[in-house]
Amino acid sequence: MSSSTKYIFVTGGVTSSLGKGIISASLGKLLQARGFSVTIQKFDPYINIDPGTLNPYEHGECYVTDDGAETDLDLGHYERFLNVRTSRANNITTGRIYNNVITKERHGEYLGKTVQVVPHITDEIKRNIFQLGENGQYDFIITEIGGSVGDIESLPFVEAVRQVRWDLGANNAMVIHLTLIPYLKAAKELKTKPTQHSVKELLSYGIQPDILVCRTEHPLSMEIRKKLALFCNVNLNSVIEAMDADTIYDVPLLMRKEKLDERVLAKFKIHTKQEPDLDQWKAFLGKLKNPTNEVTIGLVGKYVSLPDAYKSIAESFIHAGAQNDCKVNLKWISSEEIQKDTVENIIGTLDAVLVAPGFGERGLEGKIEAIKYARENKIPFLGICLGMQCAVVEFARNVLHLEASSTELNPKTKFPVIDMMEEQKKVTTKGGTMRLGAYACKLKKGSKANSIYGETLIHERHRHRYEFNNKYLDQIEEAGLKATGLNPDSGLVEIVELKDHPWFVGVQFHPELRSTVLNPHPLFVKFVAAAMENKRS
Ligand code: GLN
């Protein structure tokens with residue numbers, strides 16, 4: 001742990017889903033905009049080792065980092081806001097903590113001792129908190145504690161926070177408590193009682209929050225602020241109002257207005273004259289809020305009833321739309337709705353279509369129909385991971401007239417144009433067993449991919465088991481679907497694009513995981529531009 005690194009813990013009270021991730025990312029942004037280096041870490045109180053095995057319906061998208069960790073979708077917000085990379089060390093679950101402790105126990109590291117929640121589990125949590133600070137790279141480490149205070153599950157984390165606060169003192173560690181101030185319509189009043197209770201709960205664990213961030217639908221009056229300050233033992237200026245925002249990207253500016261960053265710096269006794277430089281951020285917001293164009297893009301997928309399942313894709317369109325001064329209306333389309341007789345009505349009205357990543361067979365035929373329609377009618381198409389695989393299957397079926405499929409969807413297919421790699425076949429456990437994380441990809445000179453990226457060597461993140469089957473490469477390329485991005489080490493196909501089509505690109509990787517506010521992803525930027533072009537013509 002570097003002596004100068006400051007630790008900020010963000011806890012939540014009253015209910016879940018208050019947006020701790022966005023508040024943490026916004027605070028991180030403000031500190032970063034003042035020239036500090038910041039990283040954000042999330043602790044999740046569930047027993048899964050990572051969210052890789054969780055159903056996206058239950059937990060939203062699984063976000064993958066460069067180093068191949070399957071993580072909580074909040075890490076996506078951290079990267080999108082801060083424009084810095086996170087890693088395995090940025091997301092820790094109860095499962096991982098216990099797994100580490102139990103593995104150590106089996107290796108005899110606690111020989112003779114009874115292994116207990118306190119101190120062994122809490123020490124392991126603290127080790128993971130301090131690990132990020134070890135090389136002194138960061139001025140601030142913001143640690144978000146998942147769940148809400150009072151949950152049985154988050155207790156060891158809360159206890160570890162108490163210890164760190166005690167060990168390091170108020171100049172080096174602080175606690176920000178995010179809470180809800182509900183509005184009672186009948187009484188026309190904001191209510192502070194739930195917050196008082198959740199602060200009491202925190203106090204009973206030995207933690208006095210330094211700052212309260214209050215989610216509210218109505219502005220906090222001075223009277224309410226004073227009441228909160230008095231009953232929760234925080235300074236009046238440390239009661240921070242967090243009003244509902246039109247877009248999550250407004251939150252850093254709202255927090256700036258409420259001086260959250262100033263309060264943090266003052267508590268740490270850090271004096272800086274540097275005002276946060278938010279010019280680029282504001283320029284993005286200006287473009288986002290004043291579009292001069294509008295397009296409708298279909299997102300065809302399996303998990304469309306829970307938009308969080310495609311969080312990063314939706315955010316990438318926000319970044320790319322702003323870049324193009326264009327409002328992107330995303331139309332969520334369940335692939336099961338698309339059939340031969342409905343495809344024209346559904347896909348024909350769109351300016352562009354994206355076929356989403358996914359797992360398993362349900363809705364495959366709908367995806368194939370959508371892609372066929374986009375290919376034949378020259379509608380801009382982007383296929384991501386499973387979407388790219390479906391594009392290859394569609395092409396093999398409808399252009400090469402092979403009874404082709406992916407072995408994920410039909411293990412007995414005669415023409416497995418998408419197949420599992422030999423190494424993958426040997427794997428029988430489930431979590432962390434896919435091709436995960438960033439891999440290099442070489443782009444063919446003069447290809448569309450090359451012109452989109454403006455480079456010939458790129459790195460993109462993966463999360464899949466199945467691959468383009470190179471046995472069919474020549475045949476498929478000859479018929480016009482070109483492999484224009486290849487992994488330089490393994491020769492695996494990473495990008496396919498169609499000749500004689502205005503914009504038809506399939507990528508085996510997940511470009512959406514690398515799009516940020518300050519660096520919108522070129523594939524999305526150019527895809528939106530292609531949708532605008534298609535709308536005009
Ligand atoms: N199910 C496919 C595979 O495992 C695609 C995965 C994805 O879209 N992320 O290869």
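The values are calculated or read from the model by the stated rules, or taken from the named source; none is laboratory data. Because the structure is predicted, anything quoted here is derived from the model rather than measured. Quick reminder, even Gly has a Cβ in these numbers, built from the backbone with ideal geometry, and neighbours come from all protein chains shown. Heavy atoms of the whole protein, side chains included, go into the accessibility calculation; ligands, DNA and RNA do not. Shrake-Rupley method; radii C 1.70, N 1.55, O 1.52, S 1.80 Å.
Calculated [222 nm] ellipticity per residue, helices only, for the chain: -10000 deg cm²/dmol; basis is -39500 (n - 2.57) per DSSP H run with n ≥ 4, divided by all residues, nearest 500.
For residue 104, the aspartates and glutamates whose Cα falls under 15 Å of its own Cα, not counting residues fewer than eight places away in the same chain, are 123, 124.
Summing Cβ point charges (Lys, Arg +1; Asp, Glu -1) relative to the Cα centre of region 379-537 gives a dipole of roughly 280 debye. Its relative contact order, with pairs defined as Cα atoms under 8 Å and 6+ residues apart, puts the chain at 15 percent. Relative to the dominant Cα principal axis of the chain, helix 122-131 is inclined by about 70°. Amide H contacts under 5 Å for residue 509: 385, restricted to partners 5 or more places along the chain or on a different chain, H placed in the peptide plane at 1.01 Å from N.
Suppose a student asked you for the relative contact order of region 168-312, using Cα pairs under 8 Å spaced at least 6 residues apart; what percent would you report? Can you show the working numbers first?
Numbers: 141 pairs, mean separation 27.8, N = 145.
It comes to 19 percent, rounded to a whole number.
Of the residues 519, 391, 278, the one whose Cα sits farthest towards the positive end of the charge dipole of the chain is 278 (charges of +1 on Lys and Arg Cβ, -1 on Asp and Glu Cβ, taken about the Cα centre). Restricted to Cα atoms, region 226-353 shows a radius of gyration and a Dmax of 21.2, 67 angstrom. The GluC sites (Glu not before Pro) of region 357-420 that meet both conditions, a loop assignment by DSSP and at most 13 other Cβ atoms within 10 Å of the site Cβ, are 361, 403. Comparing the chain with the 2.2 N^0.38 Å rule of thumb, its C-alpha radius of gyration ratio is 1.04 (two decimals).
Taking region 104-193, which trypsin sites (Lys or Arg not before Pro) meet the DSSP loop condition and have no more than 11 other C-beta atoms within 10 Å? Answer by residue number: 113, 185, 188. What lysines sit close enough to residue 425 to cross-link, taking a C-alpha to C-alpha distance under 20 Å and skipping anything fewer than 8 places away on the same chain? Within reach: 412, 414, 471.
Full extension of the chain segment joining residue 88 with residue 183 gains 30.3 nm, where the gain is 0.36 nm per residue of separation less the Cα-Cα distance. Between the helical axis of 522-536 and the longest alpha-carbon principal axis of the chain there is an angle of about 60 degrees. When the C-alpha to C-alpha distance is required to be over 18 Å, the pairs from 372/499; 340/372; 20/311; 20/185 that qualify are 20/185. Region 414-480 and region 288-313 have their alpha-carbon centroids 25 Å apart. Of the residues 343, 374, 252, the one whose Cα sits farthest toward the positive end of the charge dipole of the chain, with +1 on the Cβ of Lys and Arg and -1 on the Cβ of Asp and Glu, is 252. For region 222-280 and region 488-532, what is the centre-to-centre distance using only Cα atoms, to the nearest Å? Taking the Cα centre of each part, region 222-280 and region 488-532 sit 39 Å apart.
If packing is taken as the mean number of other Cβ atoms within 10 Å per residue, what is the order of 486-494, 138-146, highest first?
138-146, 486-494
Seen from all directions on average, region 76-223 presents a Cα convex hull projection of 11.9 nm².
Taking the Cα atoms only, what angle lies between the long axis of helix 364-376 and the longest principal axis of the chain, rounded to 10 degrees? Between helix and principal axis, roughly 60 degrees. Between region 81-134 and region 188-216, what is the C-alpha centre distance in whole Å? Between the Cα centres of region 81-134 and region 188-216 lies a distance of 29 Å.
Only aspartates and glutamates eight or more places from residue 327 in sequence, or on another chain, were considered; those with a Cα closer than 16 Å are 246, 294, 315, 351, 533.
Across region 1-101, C-alpha contacts under 8 Å between residues 6 or more apart give a mean separation that, scaled by the residue count, equals a relative contact order of 30 percent. With the charge dipole of region 183-238 set up from +1 on Lys and Arg Cβ and -1 on Asp and Glu Cβ about the Cα centre, the Cα lying farthest toward the positive end among the listed residues 229, 203, 183 is that of 183. The mean accessible area for residues of region 244-317, using a 1.4 Å probe and ignoring ligands and nucleic acids, is 48 Å² per residue.
With a cut-off of at most 11 other beta carbons within 10 Å, and DSSP calling the residue loop, which trypsin sites (Lys or Arg not before Pro) in region 275-370 qualify? Please list them. Write out the running numbers ahead of the final one.
On the way: sites: 282, 287, 289, 302, 311, 327, 331, 340, 362, 367; in loops: 302, 340, 362.
Sparse-neighbourhood loop trypsin sites (Lys or Arg not before Pro): 340.
As a test of the definition: which semi-axes, in Å, follow for region 456-511 when you take the square root of five times each eigenvalue of its alpha carbon gyration tensor? Largest first, please.
18, 14, 10
Each Lys and Arg Cβ is given +1 and each Asp and Glu Cβ -1; about its Cα centre, region 465-536 then shows a dipole of about 320 debye.
What's the magnitude of the charge dipole for the chain around its Cα centre, counting Lys and Arg as +1 and Asp and Glu as -1 at the beta-carbon? Answer in Debye, nearest 20. List each step's numbers first, then the result.
On the way: 66 positive and 67 negative charges, 204 e Å.
So the dipole magnitude of the chain works out to roughly 980 debye.
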